[in-house]
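Enquirer: If you scroll down you'll find the structure; I have some questions about it.
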Amino acid sequence: METLKIAVIPGDGIGPEVIDEGIKVLEKAAKLSGRIQFEFTHFPWGCEYYLEHGRMMDEDGIDQLRKFDAIYLGAVGYPGVPDHISLWDLLLRIRKEFDQYVNIRPIQLLNGAPCPLIDGSKEKIDMLFIRENSEGEYSGAGDWLFKGKPEEVVLQTGVFSRKGTERIIRYAFETAKEAGKSVTSISKANALNYSMVFWDEVFEKVSKEYPEIETHSYLVDAAAMHMITDPERFEVVVTSNLFGDILTDVGAALAGGIGLAAGANINPEREYPSMFEPVHGSAPDIAGKGIANPLATVWSASQMFDFFGYSDIGEKLLQAIERLLEENEVLTPDLGGTASTSEVGDRITEILNDLF
Ligand code: GGG
């Protein structure tokens with residue numbers, strides 16, 4: 001039996017509540033499969049830790065995480081700590097230090113999930129966003145000059161390296177090749193006359209290595225519109241860090257809401273641990289009330305099984321989420337129900353009993 005060591009960072013706000021349910025489900029699925037087991041180690045890092053220690057994680061936090069097979073993260077950010085500090089010193093730091101350059105976000109409408117489109121269906125809303133996760137607009141390059149003076153200037157520089165751009169686009173093509181799907185690139189070359197012209201050129205070049213794969217290329221503004229008016233046209237989608245961050249929230253709205261949106265931060269070479277998380281933030285307004293939706297965290301657990309080569313178990317987790325949505329009985333308030341976070345986790349484990 002394989003044992004996987006998982007570093008757990010519940011983080012802030014609703015993070016600990018949803019992570020508890022994710023672990024409950026991971027343990028249940030592993031036990032039912034009889035092929036895998038987990039060893040969880042919790043780290044108390046986040047905004048509360050920052051207020052006590054002046055940093056978001058231990059000084060040697062990255063070294064502590066290095067020895068794990070994966071990281072399971074809840075949410076970061078809480079009033080009292082500036083958002084750019086909580087995000088940069090924990091989540092973005094881990095993504096960068098561990099070269100998790102692929103951010104995989106499925107936008108898949110499951111049966112029973114609410115969709116704001118009149119004719120939205122499972123067949124029409126089924127996209128896989130591959131977001132560049134290590135550079136681009138989130139490179140952190142820039143400066144703040146003459147602070148507070150009339151001549152104040154702020155620079156936030158997008159950094160697009162050939163290596164970084166090629167590898168994410170190639171990853172999207174490889175994913176599409178395996179799935180027999182098209183690849184859509186989303187950029188903005190008419191306005192971003194260096195970075196996105198470069199992005200489009202690299203997309204064109206890499207696409208020549210995959211002549212059998214159908215490709216499309218859209219400006220980000222048009223893509224945002226088409227995702228609503230004609231979502232069916234998107235299958236595997238590759239885009240930059242910022243555009244991917246924004247468009248996957250549009251996608252979350254199409255596929256049942258942010259409470260169902262999962263993300264995997266992958267280091268494909270497996271040189272470092274990859275990280276699995278719900279896309280949502282810490283939601284301080286509902287933290288501690290026991291009503292946060294844990295399904296995105298459960299979905300990211302499904303991504304974890306996929307990553308470790310247990311995609312049959314990952315698929316069962318997705319089936320369990322879908323069955324729970326179809327039953328329409330044990331749902332949290334964001335999905336129109338009255339159930340608590342832990343009742344949803346419990347129901348998922350009961351459904352898993354049936355599925356294995
Ligand atoms: N679930 C992790 C979390 O709290 N994410 C909030 C966030 O702002 N993420 C930004 C990003 O994914 O780049």
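Enquirer: Taking region 208-222, which residues are of a type in the set (Ser, Thr, Tyr) and closer than 9 Å to Ile186 by Cα?
Expert: Result: Ser217, Tyr218.
Enquirer: Among the residues of region 35-45, is there at least one that is within 13 Å of the ligand (Cβ to nearest atom), modelled with pLDDT of 95 or more and crowded, with 21+ Cβ neighbours inside 10 Å?
Expert: yes
Enquirer: OK, next. Does any residue in region 242-264 that is away from the ligand (no atom under 11 Å from the Cβ) come within less than 7 Å, Cβ to Cβ, of a residue that is among the hydroxyl-bearing types (Ser, Thr, Tyr) six or more places away or on a different chain, and which pairs are these?
Expert: So the pair list comes out as Leu247/Thr239; Gly259/Thr332; Ala264/Ser274; Ala264/Ser300.
Enquirer: Still on this structure: Answer yes or no as to whether Pro294 is over 19 Å from Leu87 (Cβ atoms) and within 16 Å of the ligand (Cβ to nearest atom).
Expert: So Pro294 fits the description; yes.
Enquirer: Filter region 49-60 down to residues that are within 16 Å of the ligand (Cβ to nearest atom) and among the aliphatic types (A, V, I, L, M) and give me whichever is surrounded by the fewest Cβ atoms within 10 Å (Cβ to Cβ).
Expert: Met57
Enquirer: Now a separate question. Which condition number in (1) surrounded by fewer than 20 Cβ atoms within 10 Å (Cβ to Cβ); (2) within 29 Å of Gly80 (Cβ to Cβ) is the one that Asp200 fails?
Expert: In the conditions (1) surrounded by fewer than 20 Cβ atoms within 10 Å (Cβ to Cβ); (2) within 29 Å of Gly80 (Cβ to Cβ), Asp200 misses (2) alone.
Enquirer: Take the residues of region 61-90 that are among the β-branched types (Val, Ile, Thr) and crowded, with 21+ Cβ neighbours inside 10 Å: which is farthest from the ligand (Cβ to nearest atom)?
Expert: Looking at residues that are among the β-branched types (Val, Ile, Thr) and crowded, with 21+ Cβ neighbours inside 10 Å, I get Ile71.
Enquirer: Still on this model: Could you check region 265-291 and list, in sequence order, the residues that are surrounded by fewer than 19 Cβ atoms within 10 Å (Cβ to Cβ) and within 13 Å of the ligand (Cβ to nearest atom)?
Expert: Pro284, Ala287, listed by residue number.
The values are calculated or read from the model by the stated rules, or taken from the named source; none is laboratory data. What you see is a predicted model; the values in this text were computed from it and never measured. Heads up, the Cβs are rebuilt from the backbone with ideal geometry, glycines too, and the neighbour counts pull from every protein chain shown.
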